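Step one of this worksheet: look at the structure below.
The values are calculated or read from the model by the stated rules, or taken from the named source; none is laboratory data. Keep in mind that this is a model prediction, so the values were computed, not measured. All Cβ positions, even for glycine, are placed from backbone atoms using ideal geometry, and neighbour counts span all protein chains on display. Accessible surface areas use protein heavy atoms only, side chains included; no ligands, DNA or RNA. Shrake-Rupley method; radii C 1.70, N 1.55, O 1.52, S 1.80 Å.
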Amino acid sequence: MTTQTVGDYVLQRLREWGVEQVFAYPGDGINGIVAAFGKADDRPKFVQARHEEMAAFEAVGYAKFSGKVGICMATSGPGAIHLLNGLYDAKLDHVPVVAIVGQTARSAMGGSYQQEVDLQSLYKDVASDYLVEVNVAEQLPNAIDRAIRVAQANRAPTAVIIPTDLQEEEYTPPRHTFKQVPSSPPSTAWSVPVAPEEELARAADVVNAGEKVAILVGQGARGAESELRELAELTGGGVAKALLGKDVLPDDLSYVTGSIGLLGTRPSYEMMRDCDTLVIVGSNFPYSQFLPEFGQARAIQIDIDGRFIGMRYPTEVNLVGDAAATLRALLPRVGRKADRSWRETIERNVTGWWETMDRQAHVDAKPVNPMRIVSELSERAPDNAIFTADSGSAANWYARNLRMRGNMRGSLSGTLATMGPGVPYAIGAKFARPDRPVIALVGDGAMQMNGMAELITVARYQSLWSDRRLVVCVFHNNDLNQVTWELRAMGGAPKFEESQVLPDVDYAAFARGIGLQAFNVDDPDQLGPAWDAALSAAGPTVLDVRCDPDVPPIPPHATFEQFKSVTEAVLKGDPDAFHLVSQGVRTKAQELLSGWKR
C-alpha cells in the first residue's frame, strides 16, 4: 500500500472541499505538494501563472466571480513574498482566498538558511483572520479546514504555512487524545442573519418619513437585486453604485444613477447633494464628501459585517444582516410614496447623463477617444459578459461609460487600487465561469507591468474553457495616464515625461507571436468592427487601441481647486498643454450641448 504523505493529504482535503484548481507557481519549498499533484493526476488542477503575484490575483478573480474560495500556492521565501500584493487586494476588497505556502525545513529554521523568511511575521497583517504554520501532520485537516471556513465566514484571505520537509512525511490524522484537534467534514452551508424586528421598525420609520430617498449599494448588496428594485419602486428613490457594486443592478433601469465618487456620474453626485434620506446597502464607500452633507439626510445602513457599520456617514439606524434577507424583512413596513417628482428628476438626470456620455465619447481625439472604446463595447457586449478593469484611467471609462445590463458581471481592485489585476482577474473569471465571455480593460502601463506575461497563461489554458472568448483591450497611450492627470489636477504640476512616458510596444504583435488573435486599432471607425470580430472569435483576442492620453477624466463635480491646478500645470509648461486644454474644453462642452439641467 502506497504511503499517503502530508502533501497528498493536503490535495485530498482540497478535493473534498470541492476545489477544482489551485493558482500557483512551483518552487522547492513546495516540492512535496507539487509531487502530490502528479500522483493525483493533477486534481485539483495546478494552474501555472507566470508569477506568484499573478497567481494570487487569479485566485481573487476566481473568488469574485464564482462566489467560492480562491486557492493560491507558492514556495517559501521569495514566492511567499510575491503573493502579498494579491492577498492584500483580497483583504481590502473582502474576498475569500486561501494561500498555501512552503517554508524552510524545520531542521534549518532559525539558522539563516537559504530562502528562510519569518513568514509568520510577514503574513500576520494580510492573513490576520487566520494564519497557521503546520509543524506536525496531526494539525491537518484542521488547519486547512479552518483556513477555508474563516476565509468564507470573514470574506478575507487566510494562510497555511507548511515546511518543505513535513510535506514529504507520512500523514497521520489527529487522535482522540489530549492536545490534538479534530475537524469536521467540509460544508458550505451558512445561516442567513437578519436584523432584529425592533431595528427594522425604526429603519422603516426613517425611510417612510423621507421625501427624497437615495440608495447607495455596494458589492454586499449582490444577490438582492429584486429587493432593491422593490425598495426603489416603493420609495421613488434612485440607486447609486459604489465601484465594486457596479454590477449589482443594471444601468438600463431608469432610476439607476451609475457609479459614485471621483469615477462616478453627475446624476449620482446630484442625487446625494439633494436627498433627505440615505439608505446604504452592502457598501463601505469611503469618500464621505460624495455623500450628503452631515445633518442633511437621515440615514440607515444594512451590512452583514458589523465592523463596518456607521463608519462612513452618521447613520441613525444600523441593520446588521444579509442584504437580501434584511431587505425582505424591511419591505413590508415601507409605504409607497405617492409623490413621484423626486423620481422624475432622477430619471431626467440619468437620461441627460447618458446623452452626455455618448456625445463625449464621439469627441474627436488623437487618434482614438478612450471613452469611445468602452462606448462601442457597451453597445455590443453579450448580456452574460464578465468585465475586469485595471487600475488607472481604464477604470474611469469602465466606471462611467460601460452600461451594465442582463447578467453582466464586473470587478476591479476597488480598495487597494493596485495596478496589474486586469488580465489575471480575467483568467480567474474564465476558470470560475468557463461558459461566459470575459473582457479585460487594461492600460498599457499594466500590460507592461505584468499583463503581457499573463497572455501566455491565457494561451496555455484556453482549451479548458467551453467558451474561449477572452478579450484583452489595451488602452495604448504610452502614458501612465491616471498619475499624469493626478499630477495636474491635485498638485498643479505639469506632466514629467521621464516618469510618465512609456516605451512604445506593439501589444497585438506580441499576442500574435504567442498564437492569439489580435488587432491594431488607430482609427475610431475601426473600433466597432474590431469589437465585433473579438466578440465573435473562437478564441482569445487582444485589441491594441491607440488612444489619446489628453482626454480628461473629468470628475462629476470638478472643483475650482482642480481647475486651478490643471491651469497651473499648463502654465508651468505641460508638454501637451494646447492639446489637453482643447480636449478638456470640447469634452466638458458636451454637457451643455446635451441640455444638462443643474
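If you look at the Cα atoms of segment 435-547, you get an Rg and a Dmax of 15.5, 50 Å.
Cα centroids of segment 174-211 and segment 70-100: 26 Å apart. Ranked by the mean number of other Cβ atoms within 10 Å per residue, highest first, peptides 75-81, 196-202, 91-97 order as 91-97, 75-81, 196-202.
Converting the Cα gyration tensor eigenvalues of the chain into ellipsoid dimensions via √(5λ) gives semi-axes, longest first, of 42, 32, 21 Å.
Along the charge dipole of segment 1-89, pointing to its positive end and built from +1/-1 on Cβ of Lys, Arg, Asp and Glu, which listed residue (ILE30, TYR9, GLY67) has its Cα farthest out? Towards the positive end, the residue furthest out is GLY67. One quarter of the surface of the convex hull around the alpha-carbon atoms of segment 170-267 equals 12.4 nm², the direction-averaged projected area. Note on segment 335-375: the alpha carbon radius of gyration divided by the globular reference 2.2 N^0.38 Å gives 1.77.
Histogrammed with a bin width of 5 Å, the alpha carbon distances of segment 270-397 distribute as 2, 8, 12, 14, 15, 17, 15, 11, 5, 2, 0, 0 percent, first bin at zero.
Cross-link pairs exceeding 31 Å in C-alpha to C-alpha distance, out of LYS91/LYS241; LYS91/LYS212; LYS39/LYS430; LYS241/LYS430, comprise LYS91/LYS212. Note on HIS362 and ASP274: their simple-model spin labels are 2.7 nm apart, each label 7 Å out from Cα toward Cβ. Per the Cα gyration tensor, segment 1-74 maps to an equivalent ellipsoid with semi-axes of 21, 15, 8 Å, ordered largest to smallest. Dipole check for segment 168-215: with +1 at the C-beta of Lys and Arg, -1 at the C-beta of Asp and Glu, and the Cα centre as origin, the magnitude is about 100 Debye. Could you tell me how many degrees, from 0 to 90 and to the nearest 10, lie between the Cα long axis of helix 452-461 and the main elongation axis, the longest principal axis, of the Cα atoms of the chain? The answer is roughly 60 degrees.
With respect to the chain, whose longest principal axis is taken over its alpha-carbon atoms, helix 370-380 is tilted by about 80°.
Using alpha-carbon pairs under 8 Å, 6+ residues apart, how would you state the relative contact order of the chain in percent? Walk me through the numbers before you get to the answer.
Working: 1317 pairs, mean separation 72.8, N = 598.
In percent, rounded to a whole number, it is 12.
Using C-alpha positions alone, give me the convex hull volume of segment 46-187 per residue in cubic angstrom. Mind dumping the intermediate values first?
Numbers: hull volume 16.8 nm³, N = 142.
Per residue, the Cα convex hull of segment 46-187 comes to 118 Å³.
Protein-only accessible surface at a 1.4 angstrom probe places the residues TRP354, TRP531 in the order TRP354, TRP531, largest first.
Hey, can you find the accessible area per residue of the chain for me, probe 1.4 Å, expressed in square angstrom? Mind showing how you got there, number by number?
On the way: 23050 Å² over 598 residues.
For the chain, the solvent-accessible area averages 39 Å² per residue.
Dipole of the chain (Lys/Arg Cβ +1, Asp/Glu Cβ -1, origin at the Cα centre): which of VAL98, PRO555, ASN349 lies farthest to the positive side? Of the listed residues, the answer is ASN349.
Each part gets one Cα centre, and for segment 141-156 versus segment 472-500 those centres are 41 Å apart. In segment 215-297, Rg over Rh equals 0.92, where Rg is the alpha-carbon radius of gyration and Rh the Kirkwood radius from pairwise Cα distances. How about segment 200-301: which chymotrypsin sites (Phe, Trp or Tyr not before Pro) there lie in a loop by DSSP and see at most 11 other Cβ atoms within 10 Å? Qualifying residues, ordered by number: PHE294.
When each of the peptides 206-216, 457-467 is scored by the mean number of other C-beta atoms lying within 10 Å of its residues, the order from highest to lowest reads 206-216, 457-467. Quick check: the angle from helix 84-93's long axis to the longest principal axis of the chain, C-alpha only, nearest 10 degrees? Tilt of helix 84-93: around 50 degrees. Evaluated at 25 °C with a viscosity of 0.890 mPa s, what Stokes-Einstein diffusion coefficient in µm²/s does segment 120-233 have when Rh comes from the Kirkwood expression over alpha-carbon pairs? Rounded, D is 133 µm²/s.
What full-extension length gain, to one decimal in nm, is calculated for ARG175 and ARG106 as 0.36 nm per residue of separation minus the Cα-Cα distance?
Working: separation 69, 0.36 × 69 = 24.84 nm, distance 2.27 nm.
22.6 nm is the gain from fully extending ARG175 to ARG106.
Simple rule: put +1 on each Lys or Arg Cβ and -1 on each Asp or Glu Cβ in segment 448-507, find the dipole, and look at THR457, ALA493, LEU480; the Cα lying farthest toward the positive end is THR457. The value of relative contact order for segment 208-303, using C-alpha pairs under 8 Å at least six residues apart, is 33 percent.
With +1 on each Lys and Arg Cβ and -1 on each Asp and Glu Cβ, and nothing else charged, work out how big the dipole of the chain is about its Cα centre, in Debye to the nearest 20. Mind dumping the intermediate values first?
On the way: 58 positive and 74 negative charges, 215 e Å.
Dipole magnitude for the chain comes out near 1040 debye.
Assuming a viscosity of 1.306 mPa s and a temperature of 10 °C, what translational diffusion coefficient in µm² per second does Stokes-Einstein assign to segment 308-460, Rh being the Kirkwood radius over Cα pairs? Value of D from the Cα-based Kirkwood radius: 85 µm²/s.
When a 1.4 Å probe is rolled over the protein heavy atoms, the share of accessible surface on the chain that falls to carbon and sulfur comes to 52 percent.
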